[in-house]
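**Q** The structure under discussion is supplied below as structure tokens; questions concerning it will follow.
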Amino acid sequence: MPNNNRKDFDVFNAQELRIRMGILHAVDKSLDRMTVSEICKNAGVSRQTFYRYFESKYDIPCWHTIYCRQFYLNEIGRTIGWETGYYHHIRLIFQEYDFYSKSIQYSVNTPFGRSILPEDRKKVLLETLEKYRHEPINRNMLFIVETFARLECEVMNDWLRSSRPADLESWTEDLVSIVPTRLFRALDLKDPKGLS
């Protein structure tokens, strides 16, 4: 029987992350133009290993984005403010800009912005409103959150597909500017740390 102490758990997660990131770094062109076999060969893993971590090749960018969200984006309204959350989320995502710019550039089979990402973002925003901010979710707030989650994902998706260099401060300001006033106020935290 395995020993489930904290140290073993951390080692397991680190190994899983290394394997997933190795697969991510094996993508060297549009996912539409790569096969799972090519990705596995580049990553030095078997197809069985690949499918242990991903259902399809199109799950790779979705997994990475959702993984990165837990550190900053999902913390907006919980422990940090809008500016800090956006700034550091964009910074984290853009560490893998090369992957995104290649992998989702021409994706037509599973459009990146129309995937599970907006639905996941909506779920987190609603959870933050209800459990952390004790805000009632009426019909209008639900509409605001659903619409905003799609818009936010689409804007970031466009940036990842563009060849423009990342401008973290400007892009943070742009993202904050599209947050609907009611949602912004409901999740606003005065963050003394600012962008640092």
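**Q** Once the piece of chain linking ALA14 and ALA166 is laid out straight, how much longer is it, given 0.36 nm per residue of separation minus the C-alpha distance between them?
**A** 51.9 nm
**Q** What list do you get for MET34, MET156 if you sort them by fewest beta carbons within 10 Å?
**A** Arranged by neighbour count, lowest to highest, MET34, MET156 become MET34, MET156.
**Q** Averaging over every viewing direction, what projected area does the convex hull of the Cα atoms of the range 58-196 cover, in nm²?
**A** 8.0
**Q** Also, quick follow-up: Let me check I've understood the local charge: for THR172, count other residues with C-beta under 11 angstrom from its C-beta, Lys and Arg +1, Asp and Glu -1. What total comes out?
**A** Value of the local net charge: -4.
**Q** Also, quick follow-up: Can you tell me the length gained on complete extension of the stretch ASN138 to THR79, counting 0.36 nm per residue apart and subtracting the Cα distance?
**A** Between ASN138 and THR79, full extension yields 18.9 nm more.
**Q** Something else now. If I take every Cα pair under 8 Å that is 6 or more residues apart in the range 58-196, average their sequence separation and divide by the length, what percent do I get for the relative contact order?
**A** Reported relative contact order: 41 percent.
**Q** As a test of the definition: which semi-axes, in Å, follow for the range 126-173 when you take the square root of five times each eigenvalue of its alpha carbon gyration tensor? Largest first, please.
**A** Here the semi-axes work out to 29, 13, 7 Å.
**Q** Still on this structure, I have one more. Can you tell me the length gained on complete extension of the stretch THR147 to ASP174, counting 0.36 nm per residue apart and subtracting the Cα distance?
**A** 8.0 nm
**Q** Which pairs in the list LYS102/LYS190; LYS102/LYS122; LYS29/LYS190 are over 30 Å apart, alpha-carbon to alpha-carbon?
**A** Beyond 30 Å: LYS102/LYS190; LYS29/LYS190.
**Q** How charged is the neighbourhood of ILE60? Take every other residue with its Cβ under 11 Å from the Cβ of ILE60, and add Lys/Arg as +1 and Asp/Glu as -1.
**A** -1
**Q** Here's a follow-up. Residues of the range 48-69 with the amide nitrogen closer than 15 Å to a label point 7 Å from the Cα of GLU38, along Cα-to-Cβ, please.
**A** 57-58
**Q** Then there's this: What FRET efficiency comes out for the pair ASP188/GLN95, r = Cβ-Cβ distance, R0 = 25 Å, nearest 0.05?
**A** That gives a FRET efficiency of 0.35.
**Q** Extending each Cα 7 Å along its Cβ direction at THR181 and GLN70, get the distance between those two points in nm, one decimal.
**A** 3.7
**Q** How much net charge surrounds TYR97 when only other residues with a Cβ under 11 Å from its Cβ are counted (Lys, Arg +1; Asp, Glu -1)?
**A** +2
**Q** What are the ³J(HN,Hα) values, in whole Hz, obtained from phi via the Karplus relation 6.51 cos²θ - 1.76 cosθ + 1.60 with θ = phi - 60°, for each residue of the range 68-73 in sequence order, with x given for Gly and Pro?
**A** Taking θ as phi minus 60°, the curve returns 5, 4, 4, 7, 10, 4 Hz for the range 68-73.
**Q** While we're here: Any chance you could check the Cα centroid distance between the range 52-106 and the range 129-192 for me, in angstrom?
**A** Each part reduced to its Cα centre gives a spacing of 14 Å.
The numbers here are math on the coordinates, done by the rules we state, and not lab data. Quick caveat, the model's predicted, so the values are computed rather than measured. Note that each Cβ is placed from the backbone with ideal geometry, even for glycine, and that neighbours are counted across all protein chains shown.
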